[in-house]
Amino acid sequence: MKVCVIYGSESGTAERGIRAIAKGWKESKGIQVDTIIEGADAARIGLASLAEQYDFLAVATSSNGEGDPPFNFHPFLKALYEADDAGDKPLTGCGFAVLGFGCSHFDTFQNCPRLTDKLLGQLGASRRVKRAEVDEIEEEAGDASKKTWSDAVAKVIKSGKAVASNVCDWTQPADT
């Protein structure tokens, strides 16, 4: 299965987190991640091209400021919105999972990861793992969330089944 990791990170937390996860997949599970790129680069490639080139998209991002996407993720989120507005389904045939990073002190906690999860599903991609939401305030719980998400994604990748029924609605996990 060809895997692409797409990240958006303002301070580097989401990027470091997903790179460590991808490294762990390779070292402990024998999973090769074909590409790790910023959301801006994924947008330049194009959504339809991503679906043609990759079977699975592992997406990690945070929210910035008032719930905005990180600077290096904004073009990707914009491309998702434009395809959704056009009624397109360019990601049909692709599986995905979203890992969100943020701080629950902000009212807009997980805004960008949640919107990304929703739009990927609306654009035809198959949600194979429930979104994990990492709160920087709860370091121990965040580490557990990342591990659970990482293990679930690795299981999907190893299964070779990128496309299947959505495991849940984009609204899960719900606000706490």
I want to check the label-to-label distance for Met1 and Glu52. Put each point 7 Å from Cα in the C-beta direction and report it in nm to one decimal.
2.3
Contour minus Cα-Cα span, Ser159 to Ala86, at 0.36 nm per residue, comes to 23.0 nm
DSSP beta bridges in the chain [antiparallel fraction, %, rounded to 5]:
5
Given a 1.4 Å probe, the accessible area of the range 1-157 per residue, as a whole number of Å², is 44
For peptides 31-42, 77-88, sequence by mean Cβ density within 10 Å, most packed first
31-42, 77-88
Got a number for carbon plus sulfur as a percent of the range 1-71's accessible area, 1.4 Å probe?
44
So which helices of the chain fit the span-like rule, where a helix is a whole DSSP H run, its Cα atoms reach 15 Å or more along the axis, and its mean Kyte-Doolittle is at least 0.5?
none
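The values are calculated or read from the model by the stated rules, or taken from the named source; none is laboratory data. The shown structure was predicted, so the numbers you read here are calculated from the model rather than taken from an experiment. For neighbour counting, all protein chains shown are included, and Cβ atoms are generated from backbone atoms with ideal geometry for every residue, glycine included. In case anyone asks, the SASA skips ligands and DNA or RNA and just uses the protein heavy atoms, side chains included. Shrake-Rupley method; radii C 1.70, N 1.55, O 1.52, S 1.80 Å.
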